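Report on one structure; see the data block that follows.
The values are calculated or read from the model by the stated rules, or taken from the named source; none is laboratory data. Nothing here was measured: the structure is a model prediction, and the numbers come from that model. Here the Cβ positions follow ideal geometry from the backbone for every residue, glycine too, while neighbour counts run over all protein chains shown. All accessible areas refer to the heavy atoms of the entire protein, side chains included, with ligands and DNA or RNA removed. Shrake-Rupley method; radii C 1.70, N 1.55, O 1.52, S 1.80 Å.
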Amino acid sequence: MDTLTKDLRVGVRSLRKRPGFTAIAILTLALGIGASTAIFSVVDGVLLRPLPYPHAEQMVQLREINPRGGRMAFAELNFLDVRTRNHVFSSIAQYSGSLSTVNGGSEPVRAYACAVSSDFFNVLGVQPIVGRTFTPEESSTTGSPVAIVSYGFWQRLLGAKPELSGTKLQLDEKSFAVVGVMPQGLGFPQSAEIWIPREQFHADVSRSAHNWSVVARLRPNVSVEQARAEVSTIWRQLKQENGKDINAIDFTVIPQQEYIVGTVRSPLLMILVAVGFLLVVACVNVANLLLAQATTRQRDFAVRTALGATRLRLARQFITENLLLVLTAGALGAVISFWGVKLLLALNRQALPRVNEIGVDTRAVAFTFALSLLVATILGLVPLLRFSVRDLERSLRETGTGARGFAGRYLRSLLVVAQTALTLVLMICAGLLARSFYRLLQVDPGFKTDRVVAMELSLPSPPSDEQRYKQFMQSYKRLMEQGIAPEAKVQLSTQEERLRLFQKQLLERLGSTPGVSAAGVI
């Protein structure tokens, strides 16, 4: 301990004597470590961190395969058959959601509401922290309208009341009694804030209406490959039974983690590797500075060696000095990483999954500390290599004459070559990405984009009429079987007429606004 304390004191004095070198080295390393920590935080939150559910490795997503080989959502009738015929899932559920106008809280809001089937929360393996989940009676067409809300919704809009009796929410003009509150952090799917029973609404009657996502939990000791084989077998059975009514060419199973990550895995790993190269370039820069500083301290090293200091003792001193340097840079890098993560999320929030789990937390800080220790150790050994092949007499003689020595020139040249090579790789990759981005900007979308402004308009959904919906779907199915598009006008409800009138008046007013040459809605 006394030796370590002495080494720390000597290291602090040495760095204070070289303020210019110390500032440049700390700033260089801080930028490299900060960028690495920021990217690691994103990669950790998206790719490495397990899903926040019990035994998340058992959760899978089911998709249908279209004739082009792409994945698509499930038709409800197909889901119901898979649910009853499979032997590989302990629970399976379908869900679908959208933004809805919600009243009944402290203020009206637009919130993501999701209709889920009865086993949804069993698949996730979570239980409410307040209240309960849906009862079997509520998960039926005759059940009382009920809803479960997220922890954040409960805190913000319901006053975090522990007693839910009498609490009602109005979703698109329909009233739902709140019966439960989910734990903090649960926002599945897509940051959902309200869950309602799917069974209370009319069922889809077409096997080609791909409107539902399906999530399931594997039974213990059942692999993803076994599940894929079974759902594929079920597809073949359904295809034989229903023929052309099924337009999918297969069913498949995807691990939930893989499904959520989607196509962002490769880009994130590529960015992580690029930032790793950037950190190596920063370390090589600092290593060159350390070699230059070691040359000016050559006589000191030679005298200490002559007095009996071993190479291990010198190495420990080098590592201690660089540990002070790099830990300071690491602390500054951690601060920079907070800004880096905020910038990355601001630029890519819509494209990144699990965005609510991304942040500089204890795992990121531990990564920064471990990275700093590794960098300090490597940089501490670099000056020692400068003198590892030199004998004491030659060292003393060169320090007196100002000779530089072949070993020092060779090592510095090697570091310069490595730095140039890595920088060239990064510059080539950046150039290729810039060229690809430029080419994407030059793609003709088939319409003029100059002076065009787009906006989203979300209106309350009209109340559903189950009988009219079934009649329409049956008529549509018959017309499609005959290869005829449905041209007959459908009688609109009063609410639908109001929505049509609103859109008509909106377009008329937009079209008459000064500066607007045309307006349309889709």
What do you reckon, is ASN221 of a type outside the set (Asp, Glu) and in contact (Cβ under 8 Å) with a residue 24 or more places away in the chain? no
Do we have VAL46 as assigned to a helix (DSSP H, G or I), among the β-branched types (Val, Ile, Thr) and either within 28 Å of ILE378 (Cβ to Cβ) or in contact with a Ser or Thr (Cβ under 8 Å, 6 or more places away or on another chain) (or both) here? no
Of the criteria (1) more than 30 Å from SER175 (Cα to Cα); (2) buried (at least 18 other Cβ atoms within 10 Å of the Cβ); (3) of a type in the set (D, E, K, R), which one ARG18 fails: (2)
Residues of the range 23-57 being free of Cβ contacts under 8 Å to residues at least 12 places away in the same chain and within 23 Å of PRO255 (Cα to Cα), which ones? LEU48
Return a yes/no flag: does the range 62-84 have any residue that is among the small types (Gly, Ala, Ser), touching a residue at least 60 places away in the same chain (Cβ under 8 Å) and surrounded by 21 or more Cβ atoms within 10 Å (Cβ to Cβ). yes
Of the conditions (1) in contact with a helix residue (DSSP H, G or I) (Cβ under 9 Å, 6 or more places away or on another chain); (2) at pLDDT below 80; (3) part of a helix (DSSP H, G or I), LEU347 satisfies every one except a single condition; which number is it? (1)
Considering each residue of the range 96-121, count those that are touching a Ser or Thr at 6+ places or on another chain (Cβ under 7 Å), part of a strand (DSSP E or B) and surrounded by fewer than 20 Cβ atoms within 10 Å (Cβ to Cβ), and give that number. 5
Assuming SER118 fulfils every condition listed in (1) more than 30 Å from ASN247 (Cβ to Cβ); (2) modelled with pLDDT under 95 apart from one, which condition is it? (1)
Tabulated pairs, the range 229-241, first farther than 16 Å from PRO67 by Cβ, second basic (Lys, Arg) and in a helix (DSSP H, G or I), C-beta under 8 angstrom, 6+ apart or interchain: ILE234/ARG85; GLN237/ARG85
Go through the range 254-273 residue by residue and tally those that are of a type in the set (A, V, I, L, M, F, W, C) and open to solvent by less than 40 Å² (accessible area, probe 1.4 Å). 4
Taking into account only those residues within the range 197-253 that are within 24 Å of LEU51 (Cα to Cα) and of a type in the set (Lys, Arg), which is least open to solvent (accessible area, probe 1.4 Å)? ARG217
Cβ contacts < 6 Å: first residue of a type outside the set (D, E, K, R), restricted to the range 188-211; second residue open to solvent by 40 Å² or more (accessible area, probe 1.4 Å) and at pLDDT below 85, any location; separation 6+ or different chain. Result? HIS202/GLU466; HIS202/TYR469
Report every pair of residues separated by at least 6 positions or lying on different chains whose Cβ atoms are under 9 Å apart, first residue within the range 137-160 and modelled with pLDDT under 95, second assigned to a helix (DSSP H, G or I) and of a type in the set (Asp, Glu). GLU138/GLU199; SER139/GLU199; SER140/GLU199; THR141/GLU199; THR141/GLU466; GLY143/GLU199
Return the only residue of THR377, THR368, THR399 being polar (S, T, N, Q), in a helix (DSSP H, G or I) and modelled with pLDDT under 75. THR399
Those residues of the range 350-365 which are touching a residue at least 24 places away in the same chain (Cβ under 8 Å), open to solvent by 60 Å² or more (accessible area, probe 1.4 Å) and not in a helix (DSSP H, G or I), in sequence order: ALA351
Would you check which residues across the range 275-310 are open to solvent by 40 Å² or more (accessible area, probe 1.4 Å), among the aliphatic types (A, V, I, L, M) and modelled with pLDDT of 80 or more and list them? LEU278, VAL280
